[in-house]
Structure formats: C-alpha cells, structure tokens
Amino acid sequence: QVQLVESGGGLVQPGGSLRLSCAASRSIFSKYVMGWFRQAPGKQRELVAAISSGGSTNYADSVKGRFTISRDNAKNTLYLQMNSLEPEDTAVYYCNARSTGERYWGQGTQVTVSS
C-alpha cells in the first residue's frame, strides 16, 4: 500500500503561482509513474502532468510552458509548480501513483484561481 498526501492548494489571483506537493508514505519513484490529475466541477478527471520512473515528463497541452512536474527522491515528494495560473485551472488536484496492477490516489487539494 502507498499513501499519498497532497498539500499546497489555495486561492490565487490570475497570473499567480502555486506549488503543490505530494508526500508518499514510502520510496516509490523508482517503480511508479507519478502524475498530477485535476477535476473541475461537472468535468471528468484529466491528466495534467506525469513523470516516469526514469524521469521523462509529459504535460497536457493546456498547461505546457506554465506547469512543471518534479520530484525529490530523498523526500519521497512529488511537486507541481504552477505559474501563470488561469481561472480555467480551478479544480481539485490529485496526486497519482501507477504501476502494473496498482494505482493509488491522494485525497486531493483545491486550487481556485479567481480575482
């Protein structure tokens, strides 16, 4: 089992920045694909960014150039740096860990972009 705990969400004005963190209960980055997903009201959950065990990253087109996914292996922590935030980025953001036959989710953290 893996527990994932997100933090760092909040209210920010358009154009602002936030950094989300996801603390894993044990060392998993060498074996799991880690990702950030988000779900806005009335919409399906969507992939925002992912990082493979080898360090390759991919991003949704809507966040390319604005968001950066990274990890600190020593701290078992995944990050999502979000810059130039837009109202359309408002959603609950979830951390995800995926491996063959396993998938874990965090509880989510709310991000609201509003003036």
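The values are calculated or read from the model by the stated rules, or taken from the named source; none is laboratory data. For clarity, every value in this text was computed on a predicted model and none was experimentally measured. Cβ placement follows ideal geometry from the backbone for every residue including glycine, while neighbour counts extend to all protein chains displayed. The area values use the complete protein model at the heavy-atom level, side chains included, leaving out ligands, DNA and RNA. Shrake-Rupley method; radii C 1.70, N 1.55, O 1.52, S 1.80 Å.
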*Please determine, by comparing only the residues of segment 87-111 that are within 14 Å of residue 30 (Cα to Cα) and small (Gly, Ala, Ser), which one is modelled with the highest pLDDT.*
97
*asked:* Checking the structure you have, find out if any residue of segment 55-64 is open to solvent by 50 Å² or more (accessible area, probe 1.4 Å), farther than 26 Å from residue 87 by Cα and in a loop (DSSP other than H, G, I, E, B).
replied: yes
*Keeping to segment 62-76, report how many residues are over 11 Å from the mean Cα position of the chain (by Cα) and closer than 23 Å to residue 11 by Cα.*
5
*Of the conditions (1) under 18 Å from residue 114 (Cα atoms); (2) touching a helix residue (DSSP H, G or I) at 6+ places or on another chain (Cβ under 9 Å), residue 23 fails just one. Which one is it?*
(1)
*When only residues in segment 1-19 that are in a loop (DSSP other than H, G, I, E, B) and within 16 Å of residue 95 (Cβ to Cβ) count, which is least open to solvent (accessible area, probe 1.4 Å)?*
2
*Please work out which residue is farthest from the chain's Cα centre (by Cα), limiting yourself to segment 43-61 and to residues that are hydroxyl-bearing (Ser, Thr, Tyr) and closer than 15 Å to residue 27 by Cα.*
53
_I want to confirm something. Restricting to segment 11-42 and keeping residues that are within 13 Å of the chain's Cα centre (by Cα) and small (Gly, Ala, Ser), which single residue is farthest from residue 104 (Cα to Cα)?_
21
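Conditions tested, residue by residue: (1) part of a strand (DSSP E or B); (2) in contact with a Gly (Cβ under 6 Å, 6 or more places away or on another chain).
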residue	(1), (2)
21	yes, yes
31	no, no
50	yes, yes
80	yes, no
88	no, no
94	yes, yes
97	yes, no
*Among (1) on the phi < 0 side of the Ramachandran plot; (2) surrounded by 13 or more Cβ atoms within 10 Å (Cβ to Cβ); (3) modelled with pLDDT of 95 or more - the single one residue 84 does not satisfy*: (1)
*residue 33 passes all but one of (1) under 22 Å from residue 85 (Cβ atoms); (2) in contact (Cβ under 8 Å) with a residue 60 or more places away in the chain; (3) open to solvent by 20 Å² or more (accessible area, probe 1.4 Å); which number fails?*
(1)
